[in-house]
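Peer 1: Structure below; questions to follow.
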Amino acid sequence: MTLRIDHVVIQAGQELDEAQARFRRLGFQLTDRGHHSLGSSNHLAIFGDDYLELIGVEASKADIPGARWEHPLGLAGLVFKTGNADATWADLAGRRVPLEGDGPRSFHRPVSAGSQLLGDARFRTLRIQADRVPNGRVFFCQHQTPELVWRPEWQQHPNGALGIAEYTYITPDPQACATLLEQAFGPGAAHPVQDGVAISAGRASVLYQTVAGIRTRFGLDASALLANGERAAALTLRTDTLARVQGVLEGAGVEHLVHKTRIVVPPTETGGLILAFVSP
């Protein structure tokens, strides 16, 4: 187990077609639609060693138990890397982190590019109990076939996106919200920042921010995102150049603002999350 983000998940519900069109308009190259053995479907935006996942369920599979994510639309999943799901289970159980089930579970999805079937991507995951993560999920993922995920032809994006920089929660109590990951990764994982708390995760950070902190960081009033309680609210990506991002957004007529060193896209343009870009 390492404190590194593997991927983040944006919940699209039964609006996966709309989410796909929306994120292509935002300048992402997306993989062909994949279909998990668990019933859900997805599109991925692959970066250097992490990725963004749009997850939803097609109408014909909406009644399959467990296929739907029962969370508000928008940012809903934080996934950490593990090279050994069984060892991570033992480690987290030893720290008394509440986990779902009695061990890691396995699933798969066929991977295709155009009309070519490339093979079956296989995964083993373990998830922290749902009632400990408001409006979302936190889990750990072991890739058994990483060569079917990180393919060079999928890692080039019109907006120049290179990888995940920040995964940000909005919460009235940042310190309390960060307790779960401190328990998972050990005391001292979290450190104070303006209007919140941060946990370093490789090249990325997990942030817990108040409404005031979100406003300072992104230039937006995000209080409406707290309607259902604290939740993941903002995703910041690294890009090779902000000018490239701005060109894509302006060309597509996407509302955005330049705030300090960030280009910020509001939730109305993304399906429920704040999306920001920073240069390396």
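The values are calculated or read from the model by the stated rules, or taken from the named source; none is laboratory data. All values reported here derive from a predicted model rather than from experimental measurement. As a convention, Cβ positions derive from the backbone with ideal geometry for all residues, glycine included, and neighbour counts pool all protein chains shown. Side chains are part of the model used for accessible areas, which takes the heavy atoms of the whole protein and leaves out ligands, DNA and RNA. Shrake-Rupley method; radii C 1.70, N 1.55, O 1.52, S 1.80 Å.
Peer 1: If you scan region 237-254, which residues turn out to be in a strand (DSSP E or B) and either open to solvent by 10 Å² or more (accessible area, probe 1.4 Å) or in contact with an Asp or Glu (Cβ under 9 Å, 6 or more places away or on another chain) (or both)?
Peer 2: Scanning region 237-254 gives Leu237, Arg238.
Peer 1: Still on this structure: Determine the pairs where a residue that is in contact (Cβ under 8 Å) with a residue 24 or more places away in the chain, located within region 200-223, has a partner that is among the aliphatic types (A, V, I, L, M) and assigned to a helix (DSSP H, G or I) with Cβ atoms under 8 Å apart, the partner being 6 or more residues away or on another chain.
Peer 2: Hits for this filter: Val206/Leu181; Val211/Leu226; Leu220/Ile214; Ala222/Val211; Ala222/Ile214.
Peer 1: Select from region 188-204 the residues that are open to solvent by 70 Å² or more (accessible area, probe 1.4 Å) and assigned to a loop (DSSP other than H, G, I, E, B) and write down the one among them that is farthest from Leu235 (Cα to Cα).
Peer 2: Gln194
Peer 1: Moving on. Restricting to region 88-135, name every residue that is of a type in the set (Lys, Arg), crowded, with 18+ Cβ neighbours inside 10 Å and either at pLDDT 95 or above or in contact with a helix residue (DSSP H, G or I) (Cβ under 8 Å, 6 or more places away or on another chain) (or both).
Peer 2: Taking region 88-135 as the starting set, the residues that turn out to be of a type in the set (Lys, Arg) are 95-96, 105, 109, 122, 124, 127, 132.
Those still in the list that are crowded, with 18+ Cβ neighbours inside 10 Å too: 109, 124, 127.
The answer is Arg124, Arg127.
Peer 1: What are the residues in region 205-236 that are of a type in the set (A, V, I, L, M) and open to solvent by 10 Å² or more (accessible area, probe 1.4 Å), if any?
Peer 2: Across region 205-236, the qualifying residues are Val211, Ala212, Leu220, Ala224, Leu225, Leu226, Ala227.
Peer 1: Got a number for residues in region 1-47 being closer than 19 Å to Leu273 by Cβ and hydroxyl-bearing (Ser, Thr, Tyr)?
Peer 2: Final tally of qualifying residues: 1.
Peer 1: Can you name the number of the only condition in (1) surrounded by fewer than 16 Cβ atoms within 10 Å (Cβ to Cβ); (2) touching a residue at least 24 places away in the same chain (Cβ under 8 Å) that Thr270 fails?
Peer 2: In the conditions (1) surrounded by fewer than 16 Cβ atoms within 10 Å (Cβ to Cβ); (2) touching a residue at least 24 places away in the same chain (Cβ under 8 Å), Thr270 misses (1) alone.
Peer 1: Can you tell me which residue among Gln11, Gln29, Gln20 is under 26 Å from Leu249 (Cα atoms) and assigned to a strand (DSSP E or B)?
Peer 2: Gln11
Peer 1: I'd like the full set of residues that are modelled with pLDDT of 95 or more, among the hydrophobic types (A, V, I, L, M, F, W, C) and out of contact with any Asp or Glu (no Cβ under 7 Å at 6 or more places or on another chain), limited to region 194-227.
Peer 2: Across region 194-227, the qualifying residues are Val197, Ala198, Ile199, Val206, Val211, Ile214, Phe218, Leu220.
Peer 1: For residues in region 255-265 being out of contact with any Leu (no Cβ under 6 Å at 6 or more places or on another chain) and not in a strand (DSSP E or B), which is most open to solvent (accessible area, probe 1.4 Å)?
Peer 2: Filtering region 255-265 for residues out of contact with any Leu (no Cβ under 6 Å at 6 or more places or on another chain) gives 255, 257-262.
Right, trim to not in a strand (DSSP E or B) and you get 255, 260-261.
Details: Glu255: 106, Lys260: 146, Thr261: 103 Å².
Per the criteria, the residue is Lys260.
Peer 1: Select from region 178-195 the residues that are touching a residue at least 24 places away in the same chain (Cβ under 8 Å) and small (Gly, Ala, Ser) and list them in ascending order.
Peer 2: Ala178, Ala184, Gly186, Ala189
Peer 1: A follow-up question, please. Just the residues that are over 15 Å from the mean Cα position of the chain (by Cα) and open to solvent by less than 10 Å² (accessible area, probe 1.4 Å), please, taken from region 42-61.
Peer 2: If the condition is that a residue be over 15 Å from the mean Cα position of the chain (by Cα) and open to solvent by less than 10 Å² (accessible area, probe 1.4 Å), then Val57 is the only one that fits.
Peer 1: Next up: Taking the condition of being open to solvent by 10 Å² or more (accessible area, probe 1.4 Å) and touching a residue at least 40 places away in the same chain (Cβ under 8 Å), how many residues in region 12-30 meet it? Spell out the reasoning first.
Peer 2: Looking only at region 12-30, we keep the residues that are open to solvent by 10 Å² or more (accessible area, probe 1.4 Å), and these are 13-15, 17-18, 20-22, 24-25, 29-30.
If we keep only those that are touching a residue at least 40 places away in the same chain (Cβ under 8 Å) too, we end up with 13-15, 18, 22, 25, 29.
Number satisfying all stated conditions: 7.
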